[in-house]
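Student: Before I ask anything, here is the structure I am working with.
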Amino acid sequence: MKNTIYFDNSATTKPCDTALKFMNETLSENWGNPSALHTFGIYAEEELEKSRAAAAKVLCCRPDEIYFTSCGTESNNLALLGAALARKKRGNRIVTTAVEHPSVQNTLDFLGELGFEIVRLHTEKNGKISIDELNAAINENTILASIMLVNNETGAIQPVTAAAEAIKKSNAPALLHCDAVQGFGKLPINVGKMGVDLLSASGHKIHAVKGIGILYKKKGVNIKTVLNGGGQEKGLRSGTEAVHQASALRGAIEELGSIENNLKKMQELNDYARAKIKETGIAVINSPEDALPYILNISVAGYRSETLLHYLDAKGIFVSSGSACAKGEKSYVLADLGLSEKQIDSALRLSFSRYNTKEEIDVFCSALSDAANTLRKA
Ligand code: PLP
């Protein structure tokens, strides 16, 4: 859509040119089944392996530690269900945070119904869990911990490396899973240094296309499959691989360039947005200072999020009232952060991409001021 401002990149991103080019090439010329033994199948397999290697490079791991799935949600389900089922004889406690994405929260609720004990750690004022509380929550029955890298509503970055060290020291038989859907391709990630056993990511958050997810599984770590069938992806995720979507992911990764440089530019845009939004005098910033700069959560006290969202929408500015999945429900993430009801009711999430500019921030801020002059307070 022309002349619009898209600040909802944590929900999904615009597929980039290279992603579309690679996807179309695979779809039109290399559409074989990568499991087929004939040459056409082998070509498809080679294409798939190129994409696996590209994903592995982003995570600093071996290509054979990357498993393709359909999305971040599927990767989270597979990691959590697969790890819990594989380790159920060793214990039944699973430790997580109170601010995980619903694809983790709801999967753990399901495991809770199956008899696992789910312990949820609350976040502090800075949006992070405390490592002391993590230490207190881990016991000899703990078989799994799931801690997200970047929160999808606030951008808060969790201390995953410190969590991994704490788990290792505890001697608990626990695997560590990290939902890195909002951090993949945006923060430098080295899974070995981070100390995670399992990590989830998703293509459509980094300008690839919907329908492609990644699960990193450290070599030697065993989890059960939850999708039985033809044994694709080394038996972990049956179902014919969507080679063209994996090609799109490779295209998106190629177009990313330097993650560190992108992060610096994004910090500049975020700093500008924070300053300009504060200048309006009608909004406060909810995201912690050291949050991932791609996400900025704000509250415009006195105005309901939905009302503001629709006002901005009419002006061609697209933001979100929380996470895309929440669809208007009150944010448990902001509640856990200790924000007041008023702040939660009036929260907006802006999430940026490399296509956004300072000029767009200016347009947003003047629209926000117009909204405050035009709309009736809730
Ligand atoms: N985890 C986090 C933190 C997310 O933000 C999202 C999507 O917004 C997901 C998981 C789910 O990813 P997908 O949309 O690829 O299923």
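Quick note: the coordinates plus some simple rules give every number you see, no bench work behind them. What you see is a predicted model, and the numbers here were worked out from it, not measured in a lab. As a convention, Cβ positions derive from the backbone with ideal geometry for all residues, glycine included, and neighbour counts pool all protein chains shown.
Student: Is it the case that Leu215 is in contact with a Cys (Cβ under 6 Å, 6 or more places away or on another chain), over 19 Å from Glu254 (Cα atoms) and in contact (Cβ under 8 Å) with a residue 60 or more places away in the chain?
Tutor: On the way: in contact with a Cys (Cβ under 6 Å, 6 or more places away or on another chain): no; over 19 Å from Glu254 (Cα atoms): yes; in contact (Cβ under 8 Å) with a residue 60 or more places away in the chain: yes.
Spelling it out, it is not the case that Leu215 is in contact with a Cys (Cβ under 6 Å, 6 or more places away or on another chain), over 19 Å from Glu254 (Cα atoms) and in contact (Cβ under 8 Å) with a residue 60 or more places away in the chain.
Student: Test each condition in (1) assigned to a helix (DSSP H, G or I); (2) within 16 Å of the ligand (Cβ to nearest atom); (3) in contact with an Asp or Glu (Cβ under 8 Å, 6 or more places away or on another chain); (4) of a type outside the set (Ser, Thr, Tyr) for Leu48 and report the one that comes out false.
Tutor: (2)
Student: Considering each residue of segment 65-83, count those that are in a helix (DSSP H, G or I), near the ligand (Cβ under 10 Å from one of its atoms) and small (Gly, Ala, Ser), and give that number. Steps first, answer last, please.
Tutor: Residues of segment 65-83 in a helix (DSSP H, G or I): 65, 72-83.
Checking which are near the ligand (Cβ under 10 Å from one of its atoms) leaves us with 72-77.
If we keep only those that are small (Gly, Ala, Ser) too, we end up with 72, 75.
Total meeting the criteria: 2.
Student: Separate question: Of the conditions (1) surrounded by fewer than 21 Cβ atoms within 10 Å (Cβ to Cβ); (2) more than 27 Å from His204 (Cβ to Cβ), Ser70 satisfies every one except a single condition; which number is it?
Tutor: Here Ser70 meets the rest and fails (2).
Student: Related question: Got at least one residue in segment 170-184 being touching a Phe, Trp or Tyr at 6+ places or on another chain (Cβ under 9 Å), among the charged types (D, E, K, R) and in contact (Cβ under 8 Å) with a residue 12 or more places away in the chain?
Tutor: no
Student: Shifting gears a bit: Looking only at segment 84-106, which residues are in contact with a Ser or Thr (Cβ under 9 Å, 6 or more places away or on another chain) and within 16 Å of the ligand (Cβ to nearest atom)?
Tutor: Thr96, Thr97, Ala98, Val99, Glu100, His101, Pro102, Ser103, Val104, Gln105
Student: Okay, next question. Among the residues of segment 107-126, which ones are buried (at least 16 other Cβ atoms within 10 Å of the Cβ), more than 16 Å from the ligand (Cβ to nearest atom) and not in a loop (DSSP other than H, G, I, E, B)? Steps first, please.
Tutor: Of the residues in segment 107-126, the ones buried (at least 16 other Cβ atoms within 10 Å of the Cβ) are 107-108, 111, 116, 118-121, 123.
Next cut, more than 16 Å from the ligand (Cβ to nearest atom) only: 111, 116, 118-119, 121.
Matches in segment 107-126: Leu111, Ile118, Val119, Leu121.
Student: I would also like to ask the following. Within 15 Å of the ligand (Cβ to nearest atom), part of a helix (DSSP H, G or I) and under 30 Å from Ala84 (Cβ atoms): is that true of Ala252 in this structure? Please lay out each step first, then the result.
Tutor: Numbers: within 15 Å of the ligand (Cβ to nearest atom): yes; part of a helix (DSSP H, G or I): yes; under 30 Å from Ala84 (Cβ atoms): no.
For Ala252, the condition - within 15 Å of the ligand (Cβ to nearest atom), part of a helix (DSSP H, G or I) and under 30 Å from Ala84 (Cβ atoms) - is not met.
Student: Next question. Examine segment 289-300 for a residue that is surrounded by 14 or more Cβ atoms within 10 Å (Cβ to Cβ) and over 22 Å from Leu149 (Cα atoms), and state whether such a residue exists. Even if it seems obvious, please write down each step before you answer.
Tutor: Step one: filter segment 289-300 for residues surrounded by 14 or more Cβ atoms within 10 Å (Cβ to Cβ), giving 291-300.
Restricting the remaining residues to those that are over 22 Å from Leu149 (Cα atoms) gives 299-300.
The answer is yes, given that some residue of segment 289-300 is surrounded by 14 or more Cβ atoms within 10 Å (Cβ to Cβ) and over 22 Å from Leu149 (Cα atoms).
Student: What's the total number of residues in segment 171-193 that are out of contact with any helix residue (DSSP H, G or I) (no Cβ under 7 Å at 6 or more places or on another chain), of a type in the set (Gly, Ala, Ser) and closer than 23 Å to Asn222 by Cβ?
Tutor: Going through segment 171-193 one residue at a time, the tally reaches 3.
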